[in-house]
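A.B. asks: Structure provided below as structure tokens; questions to follow.
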Amino acid sequence: MKFRAPFARWFALLFLLTASAWARDAFVVFSGGGTPLTNNYSQYLQARALSAFLLARYPADSVWVFFGAGNREGQPPVFSDVRQQVKQDGLILESWLPGVLPRNRPADKASFLGALRDEVLPAVRDGGTLYLFVGDHGTQQKDGARESLVTLWQMKPTPPRGWRTDTAEELSVSELQAVLAAGLGRGRVVFCMTQCHSGGFHHLGVPREMQPDLAWFSGVVPDWAAPVEAAPLPRVAGFTATDEDSLAAGCDPDPDPDKWAGYERYVPEALLGLDLFSGARTRPELPSFAAAHREAVLADQTIDKPRRTSEQYLERWAALIERLAAEQSLTPAVRAAADAYARAVDAGLADGPGAEFAARRAEFAAFIQRMGEQNSSLVALVGHGNRAALEGARGTGSGRPSAPVASSQPASPLAQEWKNVVRPAWKAAVAAGTVAGLKGPALAFEKYLLAQEDRGRDVMFPRGWQNPMLNDIFWQSGSAIPAEKDPAKAEAVARWAAERRATIAAWASASPDAAIKAAGARLKPRGPHFGGPRPLSAQIAAERTLFYRRTLAAWAFLQAVGHEEALGELHRLIALENLALPPARAAASR
């Protein structure tokens, strides 16, 4: 009996050492969700650079890539899943290509969650780290809940040769959280996400609402603050392009160095030290997602609202503190801390002890200073504006243009003029073959578009940010299936789509019929916009600044009241965020 305890301790130590040896890190790139109409070339550039970097740095069996339809290097491409706009002769032409990547798999739920459960999490659950990069589209649940969703690859084959869109291909925070909680074990996850509404994924690792035992705050627990038993959250932290309620910048079908802007571009370029267009090295690579996040925020003057999980955690505490301030029974020490919180948010960045606090304060100060440099008219607001001024500047806008308005909306006067005045004569000229230069695939496509309009569709006037004939261009140009694509036909159809309105306007303007001629002049489109990114707006600057002030003031509050449990969790999140990428390992796959 006397040998059992030493043996047990020896066996436990051996088990831990062996488990540590078994544990390995995993690297996952996930992107290319939605359909060929929304899976843009910028996302492919991002995924291509990240996958190449990781596969050159780590063993192949440690890297998983999920992009679009799953076109894989060394295999015939199955579907053109990347939309790319090309500028030619003053026109913007739509085109598609297969997003071929090494070791690629489809970015759908079955492929991703299956690999996560069966391959990725078993690799890290004994103490390894999953480095997860999501560069996709995102949305929120449409039933009124605020839960964020990642848009997965939605195109499904329908025998014998058809395709359909499955809008149920979405991944929620709770779904991903459940899979991680079940399989992560002693592993951990550090993520970076650049999609719209990505901030909701901070709740993979932090509560949506703080529900601590508040008896020690006041001696009386308010009804709304009764403690709630909750399952332990997985060890997850990371970085997002924006909060859970907002859209993000990027997702560009025609990215170029002067136009493509946002966290989507700045994070991978900073992390890898590469130009995503050419692959040329521009600077040394950075050691961590945290370092890349800092550099991206300093560069970003778009609609993005980047944040860390530790900051989301503090923001949830800020919301609780602001609710506590209305309670009448707070202890004197807690009341003083709550009042100090309110004063700090109103006046600027809070002060507090500790190296980590000082580092975050300095980072926020650098972000605020940079916003003033990006737009000098904002210096007074972000530097000295009180809370009321910041909240007033925030407004209610969300950033990116809205989705197309439903076709049931009343047509504009110009649309009515096209339908009733110009189109009948134009349709007759097309049928008679009298439109100069309109022939071959372009003529066939125009006849197709006219037939669609006969069925009640409006393919002439966009009622939002999307081209109303984009889906028609994709399928009618023959771009969908790479093996069947005729490049000449695809270009002819895309060119006609780009110049259709201008050509019809010019044709109508030359008509001897006065009504058609006058309508043609009004039908002439404005030229495409080739400008660069806009200056940082007051709304976004105010939102970012108020977020920095509230989170830092919440941290100072927790220090002032001595909430060691909350501070301990905060420091654990920061440590996880700051994990460096492991050194390159050229060893053969295990």
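A.B. asks: So what is the 222 nm mean residue ellipticity for the chain from helices alone, if each DSSP H run of at least 4 adds -39500 (n - 2.57) and you divide by all residues, rounding to the nearest 500 deg cm²/dmol? Spell out each step's value before the answer.
C.D. replies: Working: 21 runs with 257 residues, N = 590.
Roughly -13500 deg cm²/dmol at 222 nm, from the helical runs in the chain.
A.B. asks: Here's another thing I want to ask about it. Along the Cα→Cβ direction, 7 angstrom out, place labels at Ala388 and Ala506. What is the inter-label distance in nm?
C.D. replies: It is 5.9 nm.
A.B. asks: Mind running the shape call on segment 404-508? Use the C-alpha gyration tensor, a ≥ b ≥ c as the square roots of the eigenvalues: rounded below 1.5 for a/c, prolate if a/b tops b/c, oblate otherwise.
C.D. replies: oblate
A.B. asks: Short version: ³J(HN,Hα) in whole Hz for each residue of segment 46-54, in order, from phi by Karplus 6.51 cos²θ - 1.76 cosθ + 1.60 (θ = phi - 60°), x for Gly and Pro, what are they?
C.D. replies: After applying 6.51 cos²θ - 1.76 cosθ + 1.60, I find 4, 5, 5, 5, 5, 5, 5, 4, 5 Hz.
A.B. asks: Of all beta bridges DSSP finds with both residues in the chain, what is the antiparallel percent, to the nearest 5? Numbers along the way, then the final one.
C.D. replies: Values: 22 of 49 bridges.
Percent antiparallel among DSSP bridges in the chain is about 45.
A.B. asks: Would you list, by chain and number, the lysines whose Cα falls below 21 Å from the Cα of Lys489, excluding same-chain residues fewer than 8 positions away?
C.D. replies: Lys87, Lys439, Lys447
A.B. asks: While we're on this one: Excluding Val190 itself, calculate the net charge of residues whose Cβ lies under 14 Å from the Cβ of Val190, where each Lys or Arg counts +1 and each Asp or Glu counts -1. Mind showing how you got there, number by number?
C.D. replies: Working: positive: Arg188, Arg235, Arg308, Arg572; negative: Asp25, Glu577.
My count for the surroundings of Val190 gives +2.
A.B. asks: Could you compute the net charge surrounding Leu449? Neighbours are other residues with a C-beta less than 12 Å from the C-beta of Leu449; K and R count +1, D and E count -1. Intermediate results must be reported in sequence, preceding the final value.
C.D. replies: Working: positive: Arg423, Lys427, Lys447, Arg455, Arg457, Arg500, Arg501; negative: Glu446, Glu453, Asp454, Asp458, Asp472.
Local charge sum for Leu449: +2.
A.B. asks: Sticking with this one: Considering the values [x] 27.7, 110; [y] 23.4, 68; [z] 24.9, 79, which represents Rg and Dmax of the Cα atoms in Å as calculated for the structure under consideration?
C.D. replies: Matching entry in [x] 27.7, 110; [y] 23.4, 68; [z] 24.9, 79: [x].
A.B. asks: Could you work out how far helix 309-324 tilts from the main Cα principal axis of the chain, as a 0 to 90 degree angle to the nearest 10?
C.D. replies: 70
A.B. asks: Could I ask something else about it? Quick query: amide H of Leu130 versus all other amide H atoms, modeled in the peptide plane; which residues come in under 5 Å with a sequence gap of 5 or more or a different chain?
C.D. replies: Residues meeting the amide H criterion: Ala26, Arg188, Val189, Val190.
A.B. asks: Per 0.36 nm of contour for each residue apart, how much would the distance between Asp486 and Gln75 grow if the chain were fully extended, relative to their Cα-Cα spacing? Kindly include the intermediate steps, with their values, before the conclusion.
C.D. replies: Values: separation 411, 0.36 × 411 = 147.96 nm, distance 2.00 nm.
The Asp486-Gln75 span can extend by a further 146.0 nm.
A.B. asks: So which trypsin sites (Lys or Arg not before Pro) in segment 72-170 are both in a DSSP loop and have at most 12 other Cβ atoms within 10 Å of their Cβ? Show your work: numbers first, answer last.
C.D. replies: Working: sites: Arg72, Arg83, Lys87, Arg103, Lys109, Arg117, Arg125, Lys142, Arg146, Arg161, Arg164; in loops: Arg103, Arg125, Lys142, Arg146, Arg161.
Within segment 72-170, the qualifying trypsin sites (Lys or Arg not before Pro) (loop, at most 12 other Cβ atoms within 10 Å) are Lys142, Arg161.
A.B. asks: Expressed as an acute angle from 0 to 90° and rounded to the nearest 10, what is the orientation of the C-alpha long axis of helix 355-374 relative to the principal long axis of the chain?
C.D. replies: 30
A.B. asks: Stretch Glu322-Gln452 to full length: gain in nm at 0.36 nm per residue minus the Cα-Cα span?
C.D. replies: 41.2 nm
A.B. asks: Follow-up. Taking the Cα-to-Cβ direction at Leu443 and at Ala521 and moving 7 Å from each Cα, how far apart do the two end points lie in nm?
C.D. replies: 3.2
A.B. asks: Still on this structure: Looking only at segment 311-347, which residues have a backbone nitrogen under 16 Å from a spot 7 Å from the Cα of Ala380 in the C-beta direction?
C.D. replies: none
A.B. asks: Let me ask you something else. Where in the chain lies the longest segment free of chymotrypsin sites (Phe, Trp or Tyr not before Pro) that are both loop residues by DSSP (not H, G, I, E, B) and have at most 10 other Cβ atoms within 10 Å?
C.D. replies: 4-464
A.B. asks: Next up: Output the 0 to 90 degree angle, nearest 10, between the alpha-carbon long axis of helix 440-454 and the longest principal axis computed from the alpha carbons of the chain.
C.D. replies: 80
A.B. asks: Out of the GluC sites (Glu not before Pro) in segment 120-209, which ones are loop residues according to DSSP with at most 15 other C-beta atoms within 10 Å? The partial results should precede the final answer.
C.D. replies: Details: sites: Glu147, Glu169, Glu170, Glu175, Glu209; in loops: Glu147, Glu169, Glu209.
Here the GluC sites (Glu not before Pro) that fit, given the DSSP loop and packing criteria, are Glu209.
A.B. asks: Here's a follow-up. Exactly which GluC sites (Glu not before Pro) in segment 70-128 are in a DSSP loop and have at most 11 other Cβ atoms within 10 Å? Don't jump to the answer; show the numbers that get you there.
C.D. replies: Values: sites: Glu73, Glu94, Glu119; in loops: Glu73.
Sites meeting the loop and neighbour criteria: none at all.
A.B. asks: Let me ask something else. Using a 1.4 Å probe on the protein chains only, how many percent of the accessible area of the chain belongs to carbon and sulfur? Mind dumping the intermediate values first?
C.D. replies: Details: 14750 of 26180 Å².
So the carbon and sulfur contribution to the accessible surface is 56 percent.
The values are calculated or read from the model by the stated rules, or taken from the named source; none is laboratory data. From a predicted model like this one, the values you see are computed outputs, not experimental measurements. Positions of Cβ are generated from backbone atoms using ideal geometry, with glycine treated the same way; all protein chains shown enter the neighbour counts. In case anyone asks, the SASA skips ligands and DNA or RNA and just uses the protein heavy atoms, side chains included. Shrake-Rupley method; radii C 1.70, N 1.55, O 1.52, S 1.80 Å.
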